[in-house]
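The values are calculated or read from the model by the stated rules, or taken from the named source; none is laboratory data. All values derive from a computational prediction rather than experimental measurement. FYI the Cβ positions are ideal-geometry reconstructions off the backbone, even for glycines, and counts take in every protein chain you see. Each accessible area value is taken on the protein alone, full model and side chains, heavy atoms only, with ligands, DNA and RNA left out. Shrake-Rupley method; radii C 1.70, N 1.55, O 1.52, S 1.80 Å.
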Amino acid sequence: MNTNEQQIRLITRADDAGSARTADRAILDAIEGGIVRNVSLMAVGPTIEHAAELLAARRDVCFGIHGTLNAEWTDVRWGPILGAAKVPSLVESDTGMFTPTPAHFLNHPPVIDEVMAELQAQLDRLRSLGFNIGYADSHMVFEWAIPQIAEPFDRWCEREGIRNYRRYSKQLPEAAAAGADMESDPVTALIKRLKQAEPGQYLIVGHPGYDEADMLAFGNADYKSEQIVADRINERLMFMREDVLACVKERGIVPIRYDEAAELE
């Protein structure tokens with residue numbers, strides 16, 4: 001049996017680098033003090049230059065484009081790199097910013113050429129900042145509302161020499177009786193999932209953060225800022241709390257990069 005087949009190999013991914021200075025710093029901490037091996041970058045984010053200063057020179061993680069077509073927060077908004085005039089099907093007509101959720105695309109399908117042009121501009125922006133991009137994923141999983149993007153997105157990844165995350169993404173299964181733990185302590189629930197997992201290749205994704213002013217600026221009517229901060233603190237801790245690290249060591253779990261991952265069958 002292949003050694004990999006006897007191990008739990010864990011693609012550990014931190015999302016939303018470039019969205020806030022606090023997020024950038026929390027991601028760095030989760031790399032240096034934890035098990036993060038992949039960082040997804042928001043080229044349109046307000047602090048992407050700050051993220052580049054902190055992270056771009058690192059060679060111990062795999063960087064990905066966190067393709068962004070939506071801006072979910074009320075007070076923190078972002079729009080296309082190409083500008084609203086070049087991708088009108090992707091933005092609100094009154095603000096020029098991305099729409100809050102992918103659900104908008106169900107009734108207003110975007111022009112696929114505009115989507116791909118904007119994604120290319122985002123990729124080019126990240127590369128210009130010094131990031132070596134190894135994979136592509138999607139903010140808010142926008143493709144669920146744009147199923148026709150699947151083939152162009154796949155062809156684009158192949159042309160650009162980057163991995164399409166969907167070919168490597170198998171979620172870590174829920175643990176038996178994890179519900180109560182999830183309500184009180186999501187990190188403890190993750191440890192239970194890791195302890196019960198069978199050998200294989202899995203993915204865990206988090207949005208590391210701290211309780212600081214720029215993170216508190218995130219929020220909307222359905223997802224209040226205080227809950228966002230609490231969730232993002234937990235999502236940082238799931239990568240670096242001592243009992244998580246102890247579980248990883250005890251079980252011989254191997255955190256891996258997308259460029260080390262096997263393509264799923």
Practice prompt. Take every DSSP beta bridge with both residues inside the chain and express the antiparallel ones as a percent of the total, to the nearest 5.
Written response: 5
Worksheet entry | About the Cα centre, charge dipole magnitude for segment 97-179 (Lys/Arg +1, Asp/Glu -1 at Cβ), debye | 260
Discussion item. If R₀ is 41 angstrom, what is the calculated FRET efficiency for the pair residue 113 and residue 56, using the beta carbon separation as r and rounding to 0.05?
Written reply: 0.90
Worksheet entry | the chain: relative contact order in percent, alpha carbon pairs under 8 Å with at least 6 residues between | 29
Practice prompt. Sticking with the crude label model, points 7 Å out along Cα→Cβ, report the distance from residue 216 to residue 160 in nm, one decimal please.
Written response: 3.6
Fill in: Solvent-accessible heavy-atom area per residue, rounded to whole Å², over segment 3-260 at 1.4 Å
44
Discussion item. For a protection proxy built on the mean count of beta-carbon atoms within 10 angstrom, sort 102-111, 231-240 highest first, please.
Written reply: 231-240, 102-111
Worksheet item: Which residue, chosen from 233, 201, 248, occupies the Cα position most advanced towards the positive end of the dipole of segment 186-265, where the dipole is computed from +1 (Lys, Arg) and -1 (Asp, Glu) charges on Cβ about the Cα centre?
Response: 248
Response to the item:
Carbon and sulfur atoms account, in whole percent of the 1.4 Å probe accessible area of segment 3-260, for 50
Worksheet item: Per-residue accessible area for residue 226 at 1.4 Å probe radius, Å² rounded to 10?
Response: 120
Fill in: Positive-pole candidate from 175, 8, 146, dipole of segment 3-260, charges at beta carbon
8
Discussion item. Could you tell me which residue out of 110, 100, 38 lies farthest along the dipole of segment 1-152 toward its positive end? Charges go on the beta carbon: Lys and Arg +1, Asp and Glu -1, centred on the Cα centre.
Written reply: 38
